[in-house]
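Data first, discussion second: the structure below is written as structure tokens.
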Amino acid sequence: MQVFKAFFIVLKKKKASLLMYISIYMVLTLILSSVLEDRGEEDFSNVSLSVAVDNQDRGSLGEALTEYLGRRHNLQGMPKGKEALQDAMYFQRIDYVLAIPEDFTEKMESGAKEGLLEGTVVPGSSSAHFMENEIGQYLQAASLYLAAGYGVEEIAGKVSKALEQEPAVGYLEEEAKETLPSGYYFFQYIPYVFLVLMILGVGAVVKTFKEKDLSARNQCSAMPFLRQNIQLLLGCMVYILAVYALFILAACLIDKAFLFSLKGALSAANAFLFALCALSVAWFSVQLVQNVAELNIMSNIFGLGFSFLGGVFVPMEFMGDAARKIAKFVPSYWYVAANEEIQKAKSLAGALPVYQSFFMVLAFSAAFFAAGLLVSRMKVRA
């Protein structure tokens, strides 16, 4: 088993970079899975602003408006002096300043529509539109009650009660309210790290064995060429199983309930098939480089390229039609498609789209392996 032992001797030299990628991936996955899992769309809440109100009204409507805004926003004390007010708004301690003149109630009773209030806001701020719309609703409701014959003292409570009724918030898509488990996000980003680990790990070892001097010495050795390749292949399989087992163990620690469910089993199978595909990509990459150092470039090309184009880092719904059509020509697209379909699966029999994506990943594995053999044969003939 000399070749098998030599496989791991060469691999040991790359352990620092391999462990670095694994550690970074684990940390980022833990952060992303916890953050994205908690990001729900089921709750709706109003926006509260910091508002300063200067109420000079001699009537009761100014006080009623101030109380109404105080229940919906954070009322701040009015800064003393123009400079202090400007500083408070510049440093965003106050979002909006409302000035209620002393004849506000009188103007409302007379039916006036313009010049009732004065608002100050930082230029270009969206707070102005939000507050002016809310104040406008209050004034419109108050005008309707006054027109209906209600007195000033009566309408204060009625307007506040009418406007404080919260509308029911619904969603056009029921699925948008479902939160995905942390296991989904863990498996979502696996294609990138698998591609990097296979190209830098397996690729580096295979390239070392393919170097001209070492390859010539191996051909002259007493060990048959077939046995050498079998031991090299065995080393690759042990490495890929070790990497796969490490990530499955991590998935178990992150979300054990998910992993031991139907969706978890399908996700684990999806990850294993992509690991085989990543191994084929590593084999193909070896044929394109002149030395082991160039494998770092290939790992970034395939790892980042397939991940961005295939929907690993950028969700598919954000990609245009043309980008989606191109993405179908990379294996990570089908991995991500399977990962999304797995979340909809209710049984093994009803997971046909998942199996179709599995088949496409295996097809890409065979294609990259065949392409690597072709390039290798062309190099030998040259």
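The values are calculated or read from the model by the stated rules, or taken from the named source; none is laboratory data. Predicted model, so just to flag it, every value in this text is computed and none were measured. So basically every Cβ, Gly included, is an ideal-geometry build from the backbone, and we count neighbours across all protein chains shown. Please note that ligands, DNA and RNA were not included when accessible areas were found on the heavy atoms of the full protein model with its side chains. Shrake-Rupley method; radii C 1.70, N 1.55, O 1.52, S 1.80 Å.
The candidate values were [x] 74, 67, 50; [y] 61, 55, 41; [z] 108, 53, 39; the one computed from these coordinates for Cα extents along the principal axes in Å carries the label [z].
For the chain, a simple Cβ point-charge model (Lys and Arg +1, Asp and Glu -1, everything else neutral) yields a dipole of about 4140 debye relative to the Cα centre. Considering the options F302, L233, L352, tell which one lies farthest towards the positive end of the dipole of region 213-358, charges being +1 on Lys and Arg and -1 on Asp and Glu at the Cβ, about the Cα centre. Value: L352.
Where both bridge residues fall in the chain, DSSP classifies roughly 25% of the beta bridges as antiparallel. Towards the positive end of the charge dipole of the chain, with charges on Cβ (+1 Lys, Arg; -1 Asp, Glu), say which of G62, A293, Y244 has the farthest Cα. The one lying farthest along the dipole's positive direction is A293.
Computed FRET efficiency, Cβ-Cβ of K210 and K5, R0 22 Å: what is it to the nearest 0.05? Between K210 and K5 the formula returns 0.75. The fraction of accessible area contributed by carbon and sulfur in region 244-313 is 74 percent, rounded to a whole number (1.4 Å probe; ligands and nucleic acids excluded). Rolling a 1.4 Å probe over the protein heavy atoms leaves I301 with an accessible area of roughly 100 Å². For region 304-382, trypsin sites (Lys or Arg not before Pro) meeting the loop criterion (DSSP other than H, G, I, E, B) and having at most 14 other Cβ atoms within 10 Å: K328, K344, K346. Along each principal axis, taking the top coordinate minus the bottom one, the Cα set of region 266-382 gives 52, 29, 23 Å in descending order.
The alpha-carbon of K161 sits under 28 angstrom from the alpha-carbons of these lysines, leaving out residues fewer than 8 places away in its chain: K107, K113.
At a 1.4 Å probe radius, carbon and sulfur cover how many percent of the accessible area of region 63-104? Looking at region 63-104 in its full context, I get 46 percent from C and S. Long hydrophobic helices in the chain, taken as whole DSSP H segments with a C-alpha length of 18 Å or more on their own axis and mean Kyte-Doolittle hydropathy at least 1.0: 15-37, 190-210, 225-254, 262-286, 295-309, 352-381. In the full protein context, the chain carries 56 Å² of accessible surface per residue, based on a 1.4 Å probe and ignoring ligands, DNA and RNA. Scanning the chain for GluC sites (Glu not before Pro) lying in DSSP loops with no more than 16 further Cβ atoms inside 10 Å, the longest uninterrupted stretch between such sites is 212-382.
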